[in-house]
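Chemist: A single structure is presented below for examination.
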Amino acid sequence: MAEVYTHLIAYLFKGQQREQSLELTDAMLPDHVAALHLLQLHFGDAENSLIMPTADSAPDEIMQQALLLGISNIRSKPAAPV
């Protein structure tokens, strides 16, 4: 079984400081992957799925979409094995 890591993500959502923890099998969490998880968290159930990045979106496109939707200053703290 793959090792699971807990990632703590600090970010701003519409100007308010927030934190979210994720358990993933990857030890490293690039900013654009964290942004994608945050977009899914905040907008995954949105009626208009056109606001979500496509599967083939480039990392900079994901970060730009997050910024347009009010998610900024994404910082991931180092992962700790669960």
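Chemist: In segment 1-23, what residues are under 14 Å from LYS77 (Cα atoms) and in contact (Cβ under 8 Å) with a residue 24 or more places away in the chain?
Modeler: TYR5, THR6, HIS7, LEU8, ILE9, ALA10, TYR11, GLU23
Chemist: So which of LEU50, LEU22 is modelled with pLDDT under 95 and within 11 Å of the chain's Cα centre (by Cα)?
Modeler: LEU22
Chemist: Also, I was wondering about something else. Of all residues in segment 45-82, how many are surrounded by 12 or more Cβ atoms within 10 Å (Cβ to Cβ), without any contact (Cβ under 8 Å) to a residue 60 or more places away in the chain, at negative phi and out of contact with any His (no Cβ under 7 Å at 6 or more places or on another chain)?
Modeler: Result for segment 45-82: 11.
Chemist: Output the residues belonging to segment 59-82 that are more than 15 Å from TYR11 (Cα to Cα) and assigned to a strand (DSSP E or B).
Modeler: ALA79, ALA80, PRO81 - these are the residues of segment 59-82 that are more than 15 Å from TYR11 (Cα to Cα) and assigned to a strand (DSSP E or B).
Chemist: Considering each of LEU36, LEU12, LEU8 in turn, give the residue that is of a type outside the set (Lys, Arg) and part of a helix (DSSP H, G or I).
Modeler: It is LEU36.
The values are calculated or read from the model by the stated rules, or taken from the named source; none is laboratory data. Computed from a predicted model, the values in this text were never measured in an experiment. Note that we place each Cβ from the backbone using ideal geometry, even for glycine, and neighbour counts take in every protein chain shown.
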